[in-house]
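Input: a single structure, listed below in structure tokens.
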Amino acid sequence: MSTEETLKQQIIEKAWQDSTFKQQLLSDPKAAIEGAFGVKVPDGIKLNVVEESSTDFYLVLPQNPADALDGEDDVNAAW
């Protein structure tokens with residue numbers, strides 16, 4: 001599992017266990033992540049957090065790799 005996926009899983013698990021964190025994550029995700037995990041999401045990254053329910057589901061369509069930078073290291077690629 002990549003570092004990014006590990007962090008995402010940790011964020012999800014914390015939100016399941018900590019209702020205060022979950023509410024902050026939904027309202028101000030950058031501050032919640034920085035406060036809980038010490039990870040600063042770069043200013044150029046927009047981060048949206050939504051919660052699924054038993055009737056509302058979300059499909060995230062990732063950026064097409066062909067549209068990504070050609071071999072350049074992008075500091076914001078994995079925030």
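Some notes on this structure:
- Residue-averaged [θ]222 nm for the chain, counting only DSSP H segments that reach four residues, each worth -39500 (n - 2.57): -12500 deg cm²/dmol
- Summing charges over neighbours of Ile12, with a neighbour being any other residue whose Cβ is under 15 Å away from its Cβ, gives -3 when K and R count +1 and D and E count -1.
- Dipole magnitude (debye, nearest 20) for segment 1-40, charges at Cβ of Lys, Arg, Asp, Glu: 80
- Kirkwood hydrodynamic radius of segment 1-40, from the reciprocal of the average inverse Cα-Cα distance over all distinct pairs: 10.0 Å.
- 0 to 90° range, to nearest 10: angle between helix 3-17 axis and the chain longest Cα axis: 10
- Identified option (computed volume of the Cα convex hull per residue in Å³; candidates (1) 171; (2) 158; (3) 123): (3)
- The chain: relative contact order in percent, alpha carbon pairs under 8 Å with at least 6 residues between: 25
Taken together, the values in this text are just the output of simple stated rules run on the coordinates, not laboratory data. The structure displayed is predicted, hence computed values, not measured ones. With ideal geometry, Cβ positions are generated from the backbone for all residues, glycine too; neighbour counts draw on all protein chains shown.
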